[in-house]
Structure formats: structure tokens, C-alpha cells
Amino acid sequence: MTPLDDVRRMVLARCTVGTPIRVARADAANLILAENVVAGEQVPPFDNTAVDGYAVRAADVANVPVELRVIGELAAGAAPTIAVTAGTAVRIMTGAPIPEGCDAVVMVEDTERIGNDGVRIRAAVSVGSAIRAAGSDVAVGSTVLTAGTRVTPMIEGVLASINATHVVVYPRVRVGVLSTGDELVDDGSPLSVGQIRESNRTMLLRIVEEAGAHAIDLGIVRDNENVLEEALREAVSRGGCDALVTSGGVSMGDYDVVKAVLSRIADMNWFQIAMKPAKPFAFGTLHNPAGVQVPIFGLPGNPVSSLVSFELLARPALRTMMGFGTAAHRPEVLAISDDAVVRHADGKVHFDRVHAHWGSDGRVHVSRKQAQGSHQLANTARANALMAVPDGEGLAAGADVVVTFLGADAGPTGPQ
């Protein structure tokens, strides 16, 4: 058996980062910047007030209380037309530009309106108080964002603030997902003897999207070598797939159309990995018409094994292709197992499905899901983490364990 880390290193080494492309800002969501972003505009674009209040001269309010004459009002979006002079003030709203002559703003809470054209100032302010200077957030010519940054909603906001309408990013990988087998049914019809519901493809399409890639449903391919070969070649040519994910037919000794076809048309490696579940795994490449090597991930057929294999091998590889770097991998933490784990030495690391939550001690705790069979997806679906159980005779309750989080909201839940 091959250690998991050795297989992962080999897979990652053969999954190269895509060629950067220039896209509209709206199309860059969750992608990785391939180039630095330099500001062509300053933020804020002009001096403006941080509060609702009165634009004044600091010298006029050095000794309070003091009454000033209100000579105008200035809302956000309006251009100032009246200058602040000695003994006067302008009513001003948050975000409005600072009028000429003003060097400070007094919060409205520290004032009292007197009639229609007067205001009593109750608090002294210094020069620059409550004024946001032009360029104080972003200066023209400054590097606002560096290559390798993921375009989150907040990053999109920054890009919009400097009028960066386009950015250079690593492209989203197009991943073809298919299931094979005459026994699979996905049309809701009654099952005949020997048939099962298709579930792996359904699950894999969603977790491919969750990984940040674009999933392409290649459907169910029946057990026919010619049909499968045509489907695979079509996917990497006219289908435009940058990677392929299959499930089933990768176990040692299996004769399966997937193994037969991939062994013939692709450069494949077939592994028995020192882990449980997901011991069998296949990886290789298939050349597209342009001569580009398209990665192929052959996952086990059992649903839980398929999930674990994807999470530990395919997911980080796909994200590596999209420029995620170290963020290609799921977050891991050292947690506490609340349950004892009984196992026997078999040369494998066991990845048990667990529920992770914050404990009252401020650490992450995990409780083990009882059903750990590689076919028991219903129980696994309620887990939010994988717990690595080293080879040996198990763990005592309270032992430290390495946990890999799962799901779109990867991380522990609140205290139980």
C-alpha cells in the first residue's frame, strides 16, 4: 500500500495551475488573483465627513459652549457651494464633501439647534476631527491587492471602490463528472433486482462546485467500452473539460469498463492507498486535441469512499489548478476525541466521520458517528469533519486527534 501523502504529492505535481485570464469583476467571484491590483483612483476620492454634524473651524469651537450661525446644509452627493467662515457653520451629513474653510466637524450629538439659523456647540474639537482625508484608505498607485488573493465579496467591494472593472485571475476549472454502470438508476423509476439508485454523481457534482470549480454533468455511461471512450474523448475535446472525475471500477482485480478504457487511452496510475475508507484510487491524464494533459480522478464506487477520496485527493488538486496554493487544502486542527476508538493495526490510517464542535474549554471536540461503513452515506452526511486515527490499536477518550473539516461552512459548530 502507498502512503496517502506520497499519492497526494504525485497528484499535485501533475496538476498545474491554469493560464491566467482577464475577466470582468463580476465574473471573478471566489477566483484567485493572478496579478497585483494597483489603484488608479484614490479612496475616498475627496475629503468628507465621517459623521452627521456641523462643519466648523476648530478655532471657533475651542471654548465651549459657543453659538455659531448656520449658513447652509450639505448632504452626501452634493457639491459644496458655501465656504465656512469665522463664526459660521454648515449642517453636514455623513459622506458629504468638506466645504472650503472647514477644518473639523462636530457630531450632531454634541450640538443643539437654536432657531432656524443658529447652533450651540457643546464640545470642542481639534483640527481634522471627523474628517476622512482623500486617499486615506487607498492612494493612487498603491498596490491594493496582491496576486494569490481570493476574490471574496469584500474584495469585490474594494475593486469596485477603485473602479477596477476587470482583473486577471486563474480560471475556474471545468470538471466533468460521470457515473458508469448498467445497474444505476436516476430517473425515479422502480428498481429491478440488481439495480441501485445513482448517488455518487449527484454528490460529486455539488462538492465540485463547492470546491470552486464548474461541474459539468456527463451523466451515466452504461457498461460499454466504446460508448465510455467516446464520452471521455468528447468531454476533453468539444466538452472543454479541464479535469474528469469518475467513480467506481478502480479496485484491484476488478474488470470494469472504466479500468479497461482508461488503461488503454490514458496515462494512468492505479493505487492501493494506506487508508480506510477509500483505499483504491486511480489518477492519470488524457490528452485533449490540443495536446494538453487533462487530469482524471478515478474514485472508489462506495459512496463514503468516493467522498473521502475526493476530499483528500481530488479537491486539493482541483483547487491547486485554480491557483489556491496552500488554501487548496481543507483546514485541519488538533482536536479532542470525546469517544474512545477501537481499531486494530492494519497498516492504514482510518478517517472516521465525526461531528466537530467547540467545547467549554475553548478547544475543538469531536464525537464519532457510530456507523462507519463505506456504504453508509446517510450517517456520513451528518458529519462535519474527518478524524485521522493512526494505525494501531485505537485511541482513548480524550486523546488529541487531527481533524479535517468538511462542507461549505468548514469548521466546528457551537458548544453542545
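The values are calculated or read from the model by the stated rules, or taken from the named source; none is laboratory data. Keep in mind that this is a model prediction, so the values were computed, not measured. Positions of Cβ are generated from backbone atoms using ideal geometry, with glycine treated the same way; all protein chains shown enter the neighbour counts. SASA here: full protein model, heavy atoms, side chains in, ligands and nucleic acids out. Shrake-Rupley method; radii C 1.70, N 1.55, O 1.52, S 1.80 Å.
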Excluding ligands, DNA and RNA, the carbon-plus-sulfur percentage of the accessible area of the chain with a 1.4 Å probe reads 51
Per residue, how much accessible surface does segment 87-147 expose to a 1.4 Å probe? Answer in Å², no decimals. 48
Thr202 to His214: extension gain in nm, 0.36 nm per residue of separation minus the Cα-Cα distance? 2.9 nm
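Sort the following peptides by mean Cβ neighbour count (other Cβ atoms within 10 Å, averaged over residues), highest first: 337-349, 200-212, 159-171.
Going by the mean number of other Cβ atoms within 10 Å, highest first, we get 200-212, 159-171, 337-349.
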Once you have the Cα-Cα distance between Asp27 and Ala123, take 0.36 nm times their residue separation minus that, and quote the gain in nm to one decimal. 29.7 nm
Solution diffusion estimate, µm²/s, Stokes-Einstein, the chain, Kirkwood Rh from C-alpha pairs, 4 °C, viscosity 1.567 mPa s: 50
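Taking the Cα centre as origin and putting +1 on Lys and Arg beta-carbons and -1 on Asp and Glu beta-carbons, what dipole magnitude results for segment 213-372, to the nearest 20 debye?
My answer is approximately 320 debye.
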Excluding Ala397 itself, what net charge comes from residues whose Cβ is under 13 Å from its Cβ, given Lys and Arg +1 and Asp and Glu -1? -2
With a bin width of 10 angstrom, please list the P(r) values of segment 308-416 as percents of all Cα-Cα pairs, from the 0 bin to the one holding the largest distance. 14, 45, 33, 8, 0
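Using R₀ = 25 Å, calculate the FRET efficiency as 1/(1 + (r/R₀)^6) where r is the Cβ-Cβ separation of Ala83 and Val38; round to 0.05.
0.10
First measure r as the distance between the Cβ atoms of Glu73 and Asp137, then evaluate 1/(1 + (r/R0)^6) with R0 = 22 Å and state the FRET efficiency to the nearest 0.05.
Between Glu73 and Asp137 the formula returns 0.25.
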Within the under-15-Å Cβ sphere about Gly240, not counting Gly240, Lys/Arg +1 and Asp/Glu -1 give a net charge of +1
Taking a cut-off of 15 Å between Cα atoms, list the aspartates and glutamates near Lys276, but don't count ones fewer than 8 places away on the same chain. Asp5, Glu311, Asp346, Asp352, Asp391, Glu393
How many nm is it between the label spots at Val333 and Asp6, if each spot is 7 Å from the Cα in line with the beta carbon? 3.3
Working out 0.36 nm times the residue gap between Asp186 and Arg238, then minus their Cα-Cα distance, what length gain in nm do you get to one decimal? 16.2 nm
